[in-house]
Amino acid sequence: MGYRTSMQIVADVLTATQESGVDGIKTTSLLTKANLSHTRLAKFIENLSGAGLINRIEFDGKNTFVITTKGKQYLESYAKFAGIAESFGLDM
């Protein structure tokens with residue numbers, strides 16, 4: 001597998017966040033599951049929270065991330081689009 005596109009990374013971050021459920025996911029777990037450096041993750045988190053796809057909850061100086069309804073809708077749309085692209089023989 002080659003490099004991931006930004007769309008694939010966004011989907012990976014959102015999927016990891018969604019799989020953590022209502023309790024959310026902590027930064028360290030998200031780094032591991034999304035396979036990103038802290039610097040890259042911080043940029044994606046800023047974009048995703050700015051777009052309303054995830055919420056950042058800070059407690060005792062630690063961040064937890066929870067996917068929003070809008071984030072779930074994005075993931076569903078991404079999965080449909082990826083499926084369509086794949087049916088035409090395109091790599092996402």
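The values are calculated or read from the model by the stated rules, or taken from the named source; none is laboratory data. Fair warning: this is a prediction, and the values are worked out from it, not measured in the lab. Virtual Cβ from ideal backbone geometry, glycine too; neighbours counted across all protein chains shown. Areas reflect the complete protein model, heavy atoms only, side chains present, ligands, DNA and RNA absent. Shrake-Rupley method; radii C 1.70, N 1.55, O 1.52, S 1.80 Å.
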Practice task
Summarise the accessible area of the chain (1.4 Å probe, protein heavy atoms) by the percent that is carbon and sulfur.
Solution key: 53 percent
Exercise for the section: Can you tell me the equivalent ellipsoid semi-axes for the chain? Use √(5λ) from the Cα gyration tensor, largest first, whole Å. Expected result: 24, 15, 10
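Just how large is the dipole of the chain about the Cα centre, in debye to the nearest 20, putting +1 at every Lys and Arg Cβ and -1 at every Asp and Glu Cβ?
On the way: 10 positive and 9 negative charges, 29 e Å.
Result for the chain is approximately 140 debye, rounded to the nearest 20.
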Completion exercise
Result for the chain: accessible area per residue, probe 1.4 angstrom, in square angstrom, of 68 Å²
Problem - Ranked order, Val10, Val22 - accessible area, probe 1.4 Å, largest first - result: Val22, Val10
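With a sphere of radius 13 Å drawn around the Cβ of Ala79, what net charge do the other residues whose Cβ falls strictly inside it have (Lys, Arg +1; Asp, Glu -1)?
The answer is -1.
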Exercise for the section: Enumerate the lysines that Lys62 could reach by cross-link, defined here as Cα to Cα under 29 Å, with residues fewer than 8 away along the same chain left out. Expected result: Lys26, Lys33, Lys43, Lys70, Lys72
